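Student: First the structure, then my questions, so here it is.
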Amino acid sequence: MEIADRTLIALGFDQIRNAIAGRCRTEMGKARALARPFLPGADEVLASYQLIGEARALKHEPLSLPLGGLTDVRTNVDRAHRGALLEPKDLIAITHVLFAFEKTLETLRARRERLPTMLSLAQAMPELEKVATRLDRSFDPSGEISDRASPALRDARDHARGLHRTIKGRLDRMLHDEKFASNLREGYYSVRNDRYVVPVMSSSRSEVPGIVHNASQSGQTLFVEPQDLIGLGNDLAIAQSLVLEEERRVLIELSGDIGRNATAIIRGVDAAAVLDEAEGIARLADELQCTFPELQPSGGTLDLKGLRHPLLVLQGTQVVPNEVTLHDESKALVVSGPNAGGKTVTLTGVGLSALMARAGLPIPVDEGSKMPLFDAVHSSIGDAQSLKEGLSTFSAHVAALRDIVASAKRGSLVLVDEIAADTDPREGAAIAIAVLEDLIQRGALVLVTTHLEELKALAHLDQRFVNARVGFDSRKMAPTFRLQLGQAGASSAIEIARRVGLPDALCARASELAQNAGGALSKALAAAQDEQRRLWEARDAAEKQAREAEALREKLEAEVAALTKKRRDEEAQFRTALKAELEYARTQVRELLEKLEAAQSLKDTKAAAKELAARIDEQTVATKALRPAPAELPLELKVGGKARHKGLDAEVEVLEVDGDHVTVQAGALKMRVKVSELAGSRTARAAAAAPSKPAPKVEEVKAAVLTLAAPKLDVRGERAEEALRQLERFLDRAARDGEAAALVVHGHGTGALKTSVREYLEASPYASSFRPGDSHEGGDGVTVVSLR
């Protein structure tokens, strides 16, 4: 795509790149966004739209890929590939990347039907679970190499720690020796040059034999390693050197693991960068309310609905959406109207949207918009005056037009702000018309802004030109920033001058001169602008009412959703509490049944049976208390209807309604009460909801089967051998008790304990089969055993 740096700067495309980078969460994604290129053709743009569309769908779940905070490890991975030794911090960063690969693949595989493009990119991420786990086990949260990195390292460190303890123990005994302590400046020990020393007074040097490792600045204190500790100090130095050697060996081994997988890891980081950039674009697209336009061939229809300048939206400016259309034989849009009315904003908004589309980005327009894929964008926007080259503003502008004319061709978009201004209006208009005709002849699509009357009249003489104006509110003396196609606009220079503070007397005189000098075109434009303003105001009022109605609908829907969620949450809490109560009841009943079985006398049996009945009554009451109170019906005051008396908390029948008072009957009691003392009936709702059925006969009422919880063994935290010993005893006891099933709780952990338990069960004479627990039983952290 042909585009000059001057045009990129004038349109602000780098600000779009920066905005995307600011919404990326990784170093790699930010780097890609800052270098976002223009794509070769429509196929690449459509592929980009597909990826960004999926990223937006993921964001709306709402969900983000687990890529946040990843650093660019490609350089260090390449160093490892070349045989370099990586530092712990570098290996830890690579560990985070490898785990992010696994989680990203897991997230996208669960959504493979909806996010196929993102999943296809993520397939480049290697699954190196063993390498990642080895790396993770090798480092502490502090970033130091862990004792778990290797058995040799653990042993070497244990030996060194033992020597430290031995030396410290001896030093403590020396410091408590009065004769020895009398030679010390103070009663403490420290470390100098990795050797344990005590502060000996220089005058007592001969009393404390050993090696002097340092001295105070005054020379009055010598830091001496006592003679009795020199051997241990040497052993400690050797032990510490072995620790360092083993740490280096571990780092070499881990770096080698990374080096052997370097190509795959780098490929995965590249994929992560693409996905992160896509998510950054998705976030920006949602903020700008962007859509994907229908792509048109070079020179095709330009139809932007509801165009909003992206940079103004990013700044938080209230932006007026506009329609910009050029189709069929229309090849040039001539935008006129007041200064500061939005002409240049329209020009740069179209140009920046064209660049965004060519870069594979959605653009800030409404659905159904059409955008050609331009092969080149040329612009002359802003003051091009050059003191260095000795060019005036007009001369520099003409030089820019010369370069544009030389480069423009079919498939080019040309943007010219205030074409041929800053010179004699008549001659400037002639130059402008000649340039525009030549650009159209070359096949370019052109947008220009102007105050020249001759250019405004072109649309009435040549169907290749279309007029558009930015509105001006003559009552408020301010621009409306709304683009109106098919009409030319008055410059409203005098009104703008008055608005910025030019004295009223001068503005009045200018108006008088302008009325005498103005032609029929200027007066017709002013009248048409007032009429158009009234139509726009009516449309704005209708749109406001529609927005308010939509906001009210959304509010009501949100309230309904909140009430529904609250009801579901309450039901879930009730079910959870009820389950806990029932589990507690089962435990109590089991204990009492065991007492019954163990009872030695009739008296003990009766006592246990009585206690069992009491427990059942307690749980019945507790279960009833957990049930939510029945909902009340609205109060319906009609003779024969039902209601509830609040004070008595009793159901009553309505006998008579007399204004604010009602005569009601509760059993044999009749009374006259106020309406405010009554509430809706509860039993009426239950009676209406429950299907009628005959009362059960006495012989049909049977005791329900008492279901008891299966026995459970918890071996979490146990070593495998001890856990299996406990499991064998537990299964033996459960089988002798006649249990049909049992639960073994082993947790998730590393999976080693779970594997040992299930391997044992495969060969166990007690187990006929086993399975992982269901979600309500504890999931895969529990094994359910069916006993023979």
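The values are calculated or read from the model by the stated rules, or taken from the named source; none is laboratory data. On a predicted model such as this, the values are computed, not experimentally measured, just so you know. Virtual Cβ from ideal backbone geometry, glycine too; neighbours counted across all protein chains shown. Areas reflect the complete protein model, heavy atoms only, side chains present, ligands, DNA and RNA absent. Shrake-Rupley method; radii C 1.70, N 1.55, O 1.52, S 1.80 Å.
Student: When you go through (1) in a loop (DSSP other than H, G, I, E, B); (2) open to solvent by 30 Å² or more (accessible area, probe 1.4 Å); (3) touching a residue at least 40 places away in the same chain (Cβ under 8 Å) one by one for L67, which number turns out not to apply?
Tutor: So the condition that L67 fails would be (2).
Student: Is segment 516-531 home to any residue that is modelled with pLDDT of 75 or more, over 43 Å from the mean Cα position of the chain (by Cα) and assigned to a loop (DSSP other than H, G, I, E, B)?
Tutor: Quick first cut of segment 516-531, residues modelled with pLDDT of 75 or more only: none.
No, segment 516-531 has no match at all.
Student: Something else now. Scan segment 279-289 and tell me whether some residue there is touching a Cys at 6+ places or on another chain (Cβ under 6 Å) and either surrounded by 18 or more Cβ atoms within 10 Å (Cβ to Cβ) or without any contact (Cβ under 8 Å) to a residue 24 or more places away in the chain (or both). Can you show your working first?
Tutor: From segment 279-289, those touching a Cys at 6+ places or on another chain (Cβ under 6 Å) are 280; that's our starting set.
Subset that is either surrounded by 18 or more Cβ atoms within 10 Å (Cβ to Cβ) or without any contact (Cβ under 8 Å) to a residue 24 or more places away in the chain (or both): 280.
Yes, segment 279-289 contains at least one residue that is touching a Cys at 6+ places or on another chain (Cβ under 6 Å) and either surrounded by 18 or more Cβ atoms within 10 Å (Cβ to Cβ) or without any contact (Cβ under 8 Å) to a residue 24 or more places away in the chain (or both).
Student: May I ask you to list the residues in segment 460-477 that are of a type in the set (A, V, I, L, M, F, W, C), modelled with pLDDT under 85 and not in a loop (DSSP other than H, G, I, E, B)?
Tutor: If we filter segment 460-477 for residues that are of a type in the set (A, V, I, L, M, F, W, C), which is where we start, we get 461, 465-466, 468, 470, 472, 477.
Narrowing the set further to residues that are modelled with pLDDT under 85 leaves 472, 477.
Once the filter is applied, which keeps residues that are of a type in the set (A, V, I, L, M, F, W, C), modelled with pLDDT under 85 and not in a loop (DSSP other than H, G, I, E, B), segment 460-477 yields only F472.
Student: For the structure I just gave you, tell me whether S203 is out of contact with any strand residue (DSSP E or B) (no Cβ under 9 Å at 6 or more places or on another chain), of a type in the set (S, T, Y) and modelled with pLDDT of 95 or more. So that I can check it myself, show each step before the final result.
Tutor: On the way: out of contact with any strand residue (DSSP E or B) (no Cβ under 9 Å at 6 or more places or on another chain): yes; of a type in the set (S, T, Y): yes; modelled with pLDDT of 95 or more: no.
The answer is no for S203.
Student: May I ask you to list the residues in segment 366-413 that are at pLDDT 90 or above, part of a helix (DSSP H, G or I) and touching a Leu at 6+ places or on another chain (Cβ under 8 Å)?
Tutor: The answer is I404, V405.
Student: Among the strands (runs of 3 or more DSSP E) confined wholly to segment 228-338, which include 2 or more residues that are among the polar types (S, T, N, Q) and modelled with pLDDT under 95?
Tutor: 322-326
Student: Name the single residue, out of those in segment 159-198 being farther than 11 Å from P226 by Cβ and of a type in the set (V, I, T), that is nearest to the chain's Cα centre (by Cα).
Tutor: V191
Student: For segment 133-149, state whether one or more residues are free of Cβ contacts under 8 Å to residues at least 24 places away in the same chain, part of a helix (DSSP H, G or I) and within 28 Å of V191 (Cα to Cα).
Tutor: Checking segment 133-149: at least one residue is free of Cβ contacts under 8 Å to residues at least 24 places away in the same chain, part of a helix (DSSP H, G or I) and within 28 Å of V191 (Cα to Cα).
Student: Okay, next question. Against the definition (under 19 Å from E44 (Cα atoms), surrounded by 24 or more Cβ atoms within 10 Å (Cβ to Cβ) and small (G, A, S)), how does S336 come out, yes or no?
Tutor: On the way: under 19 Å from E44 (Cα atoms): no; surrounded by 24 or more Cβ atoms within 10 Å (Cβ to Cβ): yes; small (G, A, S): yes.
For S336, the condition - under 19 Å from E44 (Cα atoms), surrounded by 24 or more Cβ atoms within 10 Å (Cβ to Cβ) and small (G, A, S) - is not met.
Student: If only one of T117, T75, T104 is hydroxyl-bearing (S, T, Y) and out of contact with any Leu (no Cβ under 9 Å at 6 or more places or on another chain), which one is it?
Tutor: Working: T117 fails: out of contact with any Leu (no Cβ under 9 Å at 6 or more places or on another chain); T104 fails: out of contact with any Leu (no Cβ under 9 Å at 6 or more places or on another chain).
Only one candidate passes the filter, namely T75.
Student: For segment 203-216, does any single residue satisfy the condition of being within 24 Å of H159 (Cβ to Cβ) and not in a strand (DSSP E or B)?
Tutor: Let us first name the residues in segment 203-216 that are within 24 Å of H159 (Cβ to Cβ), namely 210-211, 213.
Cutting the leftovers down to not in a strand (DSSP E or B) gives us none.
No, because not a single residue in segment 203-216 is within 24 Å of H159 (Cβ to Cβ) and not in a strand (DSSP E or B).
Student: Related question: Of all residues in segment 130-158 being more than 16 Å from R249 (Cα to Cα) and open to solvent by 40 Å² or more (accessible area, probe 1.4 Å), which is farthest from the chain's Cα centre (by Cα)?
Tutor: Out of the qualifying residues, it is D158.
Student: If you take just the helices (runs of 4 or more DSSP H) that sit entirely in segment 681-788, which of them hold at least 2 residues that are surrounded by 12 or more Cβ atoms within 10 Å (Cβ to Cβ) and at pLDDT below 85? I'd like the intermediate steps shown before the answer.
Tutor: Details: elements: 683-689, 720-736, 752-763.
The qualifying helices (runs of 4 or more DSSP H) are 683-689, 720-736.
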